[in-house]
Amino acid sequence: MTSAEEWVPHDGGMRKVRSTLPECRGCELWEDATQVVAGEGPVRARMMLVGETPGDHEDKEGHVFVGPAGRLLDRAFDEAGIDRSEVYLTNAVKHFRFEREGKRRIHKTPSAGQITACRPWVLRELEIVKPDVLVVLGAVAARALLGTGFRVTQQRGEKVELPDGRTAVATVHPSAVVRSQEFTRDLERFVADLRVAVKLLG
Ligand code: URA
Ligand code: SF4
């Protein structure tokens, strides 16, 4: 099993994480991606959110949540009273995973092996940021941070404890809301879960 572990610096801060991340060869996803997409936001953010993997837009632009999922997230942040500039945003897997269909690049969910391989990066970010509340967006991030037994559909919006004692709350991935047939209802539920996270900040 491959892992990012040998590339993840355990000294230095976020600057060191950002500078070493592009060198990572912890799994094969770097080969076809345009670039690695690092987490963004204040290193001392009280809230940290973890998504899945960069999408097509993020891969091209090199920034987290700048495509359709990001726009949905911005709208939900507004409704939940969260200031995007005050949160730390990152992904469980740092390179875009896709399949080509003609000229299009179609997002593919990272495999269990890729999630495990990339996990040391998000754990290091968590160690540096030390958020008061971690928001886990979707099943991939839940697998990385809450384990394989966690069921987002059943446990979303509940306060959960991380192995290090930190507080977390899981919800669906914003892309699932974007694609939803019941958009208004699912956006409301997503915003309600974010409000739980805001409340947990105290
Ligand atoms: N989806 C994610 O999980 N992360 C991004 O950065 C963009 C889309
Ligand atoms: Fe490394 Fe993660 Fe990229 Fe794989 S996806 S090469 S583990 S940074």
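Before anything else, pin down the relative contact order of the range 5-201: Cα pairs under 8 Å, at least 6 apart, normalised by residue count, whole percent.
The value is 23 percent.
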message: Which one, 55, 177, 82, projects farthest toward the positive side of the charge dipole computed for the chain from Cβ point charges (K/R +1, D/E -1)?
response: 177
- line: Here the Kirkwood hydrodynamic radius of the range 65-170, Cα-based and in Å, equals 15.1
query: Taking each full run of DSSP H in the chain as one helix, which ones are at least 15 Å long along their axis (Cα atoms) and have mean Kyte-Doolittle hydropathy of at least -0.5?
result: 68-80, 112-129, 183-201
- request: Under 25 Å Cα to Cα from residue 103, which lysines show up? Leave out anything in the same chain fewer than 8 places away.
  value: 60, 94
task: For residue 127 paired with residue 79, estimate the spin-label separation in nm (one decimal), with each label point 7 Å from Cα along the Cα-to-Cβ line.
output: 3.7
query: Quick one: putting +1 on the C-beta of Lys and Arg, -1 on the C-beta of Asp and Glu, what dipole do you get for the chain around its Cα centre, in Debye to the nearest 20?
result: 180
message: To make sure I understand, if each residue's beta carbon is the centre and we count other beta carbons within 10 Å, what order do 123, 134 fall in, fewest to most?
response: 123, 134
task: List the pair-distance distribution P(r) of the range 5-201, using every Cα-Cα distance, as the percent of pairs falling in each 5 Å bin from 0 up to the bin containing the longest distance, rounded to whole percents.
output: 1, 8, 17, 22, 22, 17, 9, 3, 1, 0
field: Simple label model, 7 Å out from Cα along Cβ direction - residue 28 to residue 199, nm
entry: 4.6
message: Students often check this: by mean Cβ neighbours within 10 Å, which of 179-186, 45-52 ranks highest, and how do the rest follow?
response: 45-52, 179-186
message: Quick check on the exposure proxy: order 23, 61 from fewest to most C-beta atoms within 10 angstrom.
response: 23, 61
field: Cα centroid separation, the range 15-35 to the range 57-88 (Å)
entry: 22
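Every read-out reported here was derived from the displayed coordinates using simple, explicitly stated rules and does not represent laboratory data. Because the structure is a prediction, the values reported are computed rather than measured. All Cβ positions, glycine included, derive from the backbone under ideal geometry; neighbour counts span all protein chains shown.
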